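Read-outs: derived from the displayed coordinates by stated rules, not from any lab. Remember, it's a predicted structure, so these values are computed and weren't measured experimentally. Ideal geometry is used to build each Cβ from the backbone, glycine not excepted, and the neighbour counts take in all protein chains shown.
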Amino acid sequence: MGDSKIRTLLIGLDGATYDLLDQLVEEGVMPNLGKIMEEGARGILKSTIHPLTPPAWTTMTTGRTPGNHGVFDFIRVDRDGAKPSYTLATSSDVMVPTIWQIASREGLRATTLNFPVTFPAKPIDGVVIPGYVPWSYLGRAIHPRPVFKMLKEKGVFKASEMSTDWQHERKAVQGLSENQLEDWVNFHITRERRWFEILITLMEEEPSELTAVLFDGVDRIQHLCYHLIDRATRDQYDTPDAIKTRELALQYYRDVDGYVAKMIEKAGPQAQTFIVSDHGFTRSGARIFYANTWLEKNGWLDWVEGTPMDDQGRVALDENTEASTLIDWTSSKAYALSSSSNAIFIRQAKEPGAPGVQPEDYEAFRDNMIKELLALKDPATGKPVVMHVFKREDAFPGTYSDRAPDLTLMLHDYSFLSVLRADEALKDRQVPYATHHPDGIFVATGPGIDMGKRLDPLYIADVAPTALYSLGLAVPRDMEGKVSESTFSGEHREEHKLKFVDVIEEAGGNKDTSTLDAEAQAQIKERLKSLGYL
Amino acid sequence: MTTVTYEDAKSVLQEIFEDLEDDLDVESVELSADAKVLELGMESISLVYLISELQQHYGLGDALFRKMRDEDRLLKDMTVDDILNSVVELGARASA
């Protein structure tokens, strides 16, 4: 392949938080990252209003907020039909170009590995291996095709070890016993090694000016093992299984630390590196908010007869049944379809007498619901449950705002809600669990970086224009994110003047906006449910 | 778009299958017209991606899946012939 040298290396650590990383650095688990964070520039990276993988990474890689890129969840809710349904978010739902598309358009090569909402791959000059693709299709999903053959010949492509083990995750999302956690962590240790080996191979064989990789095991391990790693809680768990899992989890972080150092070294001394996360992490509280049950108790939702009560602290169904099939659509006015989005949709009546809220009553209905949500207190603790309720137009303004939920909740403990039926709207969580927090990480190192700098908090949309600036490209004026100029040294900024460009973007080239439907989506939804997101 | 012929659709399907065979190190698959796609050696989820690719290749949006839904047919029950005929039919509609 060509002589491209890496200008910009973007390393994604899904869900990485300084709360754990600083501890792991201090304890000697991540010495390389510690050195990079100490000597480079670092700051908090504020996530999207609801810090969730698909909208957050899409904001990170487009520089646009969800209202303007079109991705709000793993799913896109379709309210046009007689009853609500949903379709899966794919690359066709991303309505604006990503940084790798922009780089490619400007004559640079780009490599992107394992990012969500990138299947089917949009053609670029470079390499795309999408995330969230089943193992048996992962090879075929690689763009361009010859790269798959090359990776296979090199012996680094092991699809079954790289893709998500959905069956495994199905169990994991509702919690695993301590002895099962070991397998869980081991699976991700192997998985990350595979992605690392592929990236190194591509750096040698298919070098790209913009090279990006996402390690998402950080998120998966933290969901289930945070309590075993965090020094605030780890001493409470001292069984042999817990100790073994903790050691494996630390090994995972040691491995990632080594990969980061090797990738930076491989990228070369000319490369600027950005290590970022789509959101942070924190421990969940001890209670689960059953949103649809709460709606039911307020008279805004009815269940289909026979809908079972959850008594296991679950946020979504284990079996292959969509949450939408539990809801009685002849009468329900509001609903939550996915655990991941923390969203409540309000159903507007299509015509007088039809199910839902009459359009003229919508504002009052929504305002009342917000008031009730903010007034909700956990009877067990007396504490409020909901920290913020965001209206659609406030949380997700933009061209595609109409796809967004009517209300998005931020719970006091940042946890995800449950879409299931229960006897009470708030119930105890059965196993320790950790959840997403808005504060992610942004770390920069390399030539031209203002080394040792402690940055003011950045917004996640700032990463895309900052990466374009790092590449030496002009930044589209309509990007909502801003170049983090303070990340770069004064000398670098003087030598590399920030340039802007007026670009009238086609809507992401997305005339084909719904490439998966019907059975296709049913089957993929099954996989998402296994993650506990639906 | 230009009219899609049965043979053209079959060649595209064949190419996808050949790639997947290669990816998974499985024996060559014979795309006989009456073979059910689910019986051609892949896990069901991959068939979903295959159909998605066919739709994209021919610019059909989600017409193929929509047609299956309208006809109350499941992917697991469809034969190679069913899929190819559907692509041809939908391609003709799109180009009309």
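Label separation (B:GLU27 vs A:GLU360): 7.1 nm, computed from points 7 Å beyond Cα along the C-beta direction. Here the contact order of chain A, divided by its residue count and restricted to Cα pairs under 8 Å and six or more residues apart, works out to 28 percent.
Here the convex hull built on the C-alpha positions of chain A has a volume of 142 cubic angstrom per residue. Taking label positions 7 Å along the Cα-Cβ direction at both A:ASN368 and A:ASP78, the computed distance is 3.2 nm, reported to one decimal.
A convex hull fitted around the alpha carbon atoms of the stretch B:6-95 yields 86 Å³ per residue. Give the value in nm², to one decimal: projected area of the alpha carbon convex hull of the stretch A:287-428, averaged over all directions. Mean projected area for the stretch A:287-428: 8.8 nm², to one decimal. Placing a pseudo-label 7 Å from each Cα along the Cα-to-Cβ vector at B:THR5 and B:ALA94 gives an inter-label distance of 1.8 nm. Full extension of the chain segment joining A:ASP428 with A:SER331 gains 32.0 nm, where the gain is 0.36 nm per residue of separation less the Cα-Cα distance.
What are the ³J(HN,Hα) values, in whole Hz, obtained from phi via the Karplus relation 6.51 cos²θ - 1.76 cosθ + 1.60 with θ = phi - 60°, for each residue of the stretch B:8-13 in sequence order, with x given for Gly and Pro? Once rounded to whole Hz, the list reads 5, 4, 5, 5, 5, 4. Relative contact order for the stretch A:287-428: what is it in percent, counting Cα pairs under 8 Å that are at least 6 residues apart? About 38 percent, as a whole number. Annotation for the stretch A:90-149 versus the stretch A:37-68: alpha-carbon center distance of 19 Å. Using Cβ point charges alone (K and R +1, D and E -1), the dipole size of the protein assembly as shown about the Cα centre works out to roughly 1300 debye. Taking a straight line from the alpha carbon of A:LYS46, these aspartates and glutamates sit under 15 Å away, with near neighbours fewer than eight places off in the same chain left out: A:ASP14, A:ASP19, A:ASP278, A:ASP439, A:ASP456, A:ASP462, A:GLU480. Amide H contacts of A:TYR400 (H built 1.01 Å from N, in plane; Pro and chain starts excluded): A:ASN68 sit under 5 Å, all sequence-distant by 5 or more or on other chains. For A:LEU376 and A:GLU27, the FRET efficiency from 1/(1 + (r/R0)^6), where r spans their Cβ atoms and R0 equals 45 Å, is about 0.70. Within the shell defined by Cβ-Cβ distances under 13 Å, the residues around A:SER277 carry a net charge of -4, with Lys and Arg each +1 and Asp and Glu each -1.
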